[in-house]
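The values are calculated or read from the model by the stated rules, or taken from the named source; none is laboratory data. Quantities reported herein were computed from a predicted structural model and do not represent experimental measurements. Using ideal geometry, Cβ is built from the backbone for each residue, glycine included, and neighbour counts are taken over all protein chains shown.
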Amino acid sequence: MHGFIATTDQDWFDFLAARADLDEVNFWAPSGKATLKSIPPGSPFLFKLKSPHHAIGGFGFLGPVSSVPMSLAWEAFGEKNGAPDLPTMARRIRKYRGRFEMPKGGAGFDPPVGCRMILQPMFFKRDDWIPAPRDWARNIVQGKTYDLRQGEGKRIWDACVERLTARRGELPLPAARDKVAAGPRYGREQVYRPRLGQGSFRIAVTDAYGRACAVTGEHSLPVLDSAHIQPYADGGPHEVSNGLLLRADLHRLYDKGYVTVTPDYEFRVSGALRDEFENGRVYYDLESMVRERGTIYLPTGVEHRPDQDRLAWHREVVYRG
């Protein structure tokens, strides 16, 4: 198996290392580009600290990768971006993108940010840092892919596993491909399928629906929300198949049971909306529009389409029809 050893900003690392029990972090790229083709999602992603440390300070597992406006990255991950607030994150982006022409300050500053979502991260205590690869070249800027089964890659990965085992008392991930649990995976075969966090769920659902509302087709990102079909608090997982990308008003109505999506992917509006508020014509018109179209807009990937059992749960438990 292969993993990616990424050059890591010290401020980002220090801020997150001081926080406990993080389920995800955003290893963002100020250039707006986050593509990482050398390893599939689920692969180990290791944090290499810069000079003067030259050490591996922790690791996680690569989750979804995307490029979104800085404002959306902040809404999705908040402090899990490795900054205490949005202005601090913006200053760091300006610092790294200083050579590019950008608008100066104000609300208009919202550049694209490359999001590498790192799931179930672990940050080592300083005494547990691992010496960086001996063959690490000084001209490596972003990072390097290593074979974790041999050479320096194996030395470092074995040390990571030891620290993980010591902290948790057991190894929560398979050590070889032939031990991977059966089931759907993202893309090519991978070592491990980590659980999405709330922020990763939001970005993954947004991308799965082509950044368009499943009901209206609206493409304006600031008004789109990733809705859980079955809420996380009620046992619904952070999985794309448990999500719908909805315009913000439809999301609120969906959560309150005034609208639903049937297991046949039809959009329905409850009569309670008219009875309780003496209005709602625009939503009944939407229902007619979707009926003429046949179904809501669905993700291209079949594995990402709304889970029909959870859609039935929403209609039976939440919907006011």
Tell me, yes or no, whether the range 46-63 has at least one residue that is free of Cβ contacts under 8 Å to residues at least 24 places away in the same chain and either under 21 Å from PRO131 (Cβ atoms) or in the same structural domain as VAL240 (by TED's automatic domain parsing) (or both). yes
Filtering the range 211-223 down to residues that are touching a strand residue (DSSP E or B) at 6+ places or on another chain (Cβ under 6 Å) and crowded, with 17+ Cβ neighbours inside 10 Å yields CYS213, ALA214, VAL215, THR216, GLU218
Selection from the range 214-233 of residues that are touching a residue at least 24 places away in the same chain (Cβ under 8 Å) and out of contact with any helix residue (DSSP H, G or I) (no Cβ under 7 Å at 6 or more places or on another chain): ALA214, GLY217, GLU218, PRO222, PRO231, TYR232
If ILE203 satisfies every condition in (1) within 24 Å of SER270 (Cβ to Cβ); (2) assigned to a helix (DSSP H, G or I); (3) of a type outside the set (Ser, Thr, Tyr) but one, which is the exception? (1)
Surrounded by 15 or more Cβ atoms within 10 Å (Cβ to Cβ), under 11 Å from TYR258 (Cα atoms) and in the same structural domain as LEU253 (by TED's automatic domain parsing): which single residue out of VAL269, VAL290 fits that description? VAL269
What single numbered condition from (1) modelled with pLDDT of 95 or more; (2) out of contact with any helix residue (DSSP H, G or I) (no Cβ under 9 Å at 6 or more places or on another chain) fails to hold for ASP147? (2)
Taking GLY42 and the conditions (1) farther than 21 Å from ARG195 by Cα; (2) in contact (Cβ under 8 Å) with a residue 60 or more places away in the chain; (3) touching a Phe, Trp or Tyr at 6+ places or on another chain (Cβ under 8 Å), which numbered condition does it fall short on, given that it satisfies the others? (1)
Entirely in the range 220-321, the helices (runs of 4 or more DSSP H) that have 1 or more residues that are closer than 27 Å to SER200 by Cα and not polar (S, T, N, Q): 248-255, 308-317
